[in-house]
Amino acid sequence: MKFNKLIPELSVKDIHKSKKFYLEILGFKLNYERTEDQFAFISLNGAQMMIEQCNGHWETAELEYPYGRGINFQIEVENIEVILQNLKNHNISLFRDTMINNYSGFTQKEFIVQDPDGYLLRFSQAYSIQ
């Protein structure tokens, strides 16, 4: 496996709940895990992340919900509609509804959802107006 140059590692309250959310609902792949450390390395369409249950080794202060204040992670996908449908099927509300944004040189369809710990995940898909 080739590792990206930047791979965020998210501290989570409940590794089992987070794995279910990322793997079963969002469609991430479990690349490997260390169950004894309550750690998982996951990926989706080339995006890589690590999740690890809070253990006191990495926190610089006490974590309070929502975790990750002030940051959101953009993940480019090939079919945003599949993820939207999975979220709907599991009654998970979006943090920010689907919208089409025109940026310098490209257009993308995107939405933002919070994971079980409150991290903001922005899913995007390249979009062209016809």
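The values are calculated or read from the model by the stated rules, or taken from the named source; none is laboratory data. Nothing here was measured: the structure is a model prediction, and the numbers come from that model. Glycine also receives a Cβ, built like all others from the backbone with ideal geometry; neighbour counts cover every protein chain displayed.
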Could you please tell me which pairs satisfy a Cβ distance under 9 Å, a separation of 6+ or placement on different chains, a first residue in the range 28-39 that is on the phi > 0 side of the Ramachandran plot, and a second residue that is of a type in the set (S, T, N, Q)? Gln38/Gln53; Gln38/Asn55
Can you name the residue in the range 7-27 that is of a type in the set (A, V, I, L, M) and more than 12 Å from Pro116 (Cβ to Cβ) and is also surrounded by the fewest Cβ atoms within 10 Å (Cβ to Cβ) among such residues? Ile7
Which residue is nearest to Ile112 (Cα to Cα), if the candidates are limited to the range 83-100 and must be surrounded by fewer than 14 Cβ atoms within 10 Å (Cβ to Cβ) and hydrophobic (A, V, I, L, M, F, W, C)? Met99
Where Ser18 falls short, out of the listed (1) touching a Pro at 6+ places or on another chain (Cβ under 7 Å); (2) under 24 Å from Gln108 (Cβ atoms); (3) part of a helix (DSSP H, G or I): (2)
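For (1) closer than 21 Å to Lys19 by Cβ; (2) at pLDDT 95 or above; (3) over 16 Å from the mean Cα position of the chain (by Cα), each residue gets a yes or a no:
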| site | (1), (2), (3) |
| --- | --- |
| Met50 | yes, yes, no |
| His57 | yes, no, yes |
| Thr60 | no, no, yes |
| Gln74 | no, yes, no |
| Val77 | yes, yes, no |
| Ile92 | yes, yes, no |
| Arg96 | no, yes, no |
| Ser104 | no, no, yes |
| Gln125 | no, yes, no |
Residues that are of a type in the set (Asp, Glu) and either surrounded by fewer than 19 Cβ atoms within 10 Å (Cβ to Cβ) or closer than 13 Å to Ile51 by Cα (or both), drawn from the range 103-120: Asp115, Asp117
